[in-house]
Amino acid sequence: MTDDEIDETVRGFLACSLPKAGWTHAAHFAAALWLVRHRGEAAARAEMPGLIRQYNESVGGRNTDTEGYHETITQASLLIASRALSAAGDAPLSDVLASLMAGPCGQSGWILAHWTKDRLMSPEARRAWLAPDLQPLTG
């Protein structure tokens, strides 16, 4: 994604006008990177849960104990995005996103290196942060 495409994706996400098919793995990280860079990590951590819930509902999704919003995945992604931005300095968001997508986080199952599937897919992990049970987050 280019910087313009990231901006367009995030604007669509924030306005709940992004087509459901556009809410890809890369788009999730693009939104995390954009929010951390433009609003700061604390604000991104506070705002992202509500933004994702609202977006999910706008495209016909539900936020339950088995689908939709997932707190642990969201907070883990924001932590990874924040670390990537910190390491990248003033690099364009497109470069930071490309680097993330070229590494382990580029795979949708990246998080299973840190959490067992049972722990990660539990209702508790959807509702609140659960620390990794396999290995700490790095990146």
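The values are calculated or read from the model by the stated rules, or taken from the named source; none is laboratory data. Nothing here was measured: the structure is a model prediction, and the numbers come from that model. Neighbour counts are summed over all protein chains in view; Cβ atoms, including those assigned to glycine, are modelled from backbone coordinates with ideal geometry. Protein only, heavy atoms only, side chains kept; ligands, DNA and RNA dropped before computing areas. Shrake-Rupley method; radii C 1.70, N 1.55, O 1.52, S 1.80 Å.
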* **Residue that is nearest to Ala42 (Cα to Cα), among those in segment 90-107 that are outside any helix (DSSP H, G or I) and open to solvent by 40 Å² or more (accessible area, probe 1.4 Å)** => Asp90
* Determine, yes or no, whether Leu51 is closer than 24 Å to Arg126 by Cα, in contact with a Gly (Cβ under 6 Å, 6 or more places away or on another chain) and open to solvent by 10 Å² or more (accessible area, probe 1.4 Å). => no
* Structure fact -> Conditions (1) within 20 Å of Asp3 (Cβ to Cβ); (2) surrounded by 13 or more Cβ atoms within 10 Å (Cβ to Cβ) -> Leu130 fails only (1)
* Residue selected from segment 54-78 under the condition open to solvent by 40 Å² or more (accessible area, probe 1.4 Å) and farther than 14 Å from Lys20 by Cβ, by the criterion nearest to the chain's Cα centre (by Cα) -> Ile73
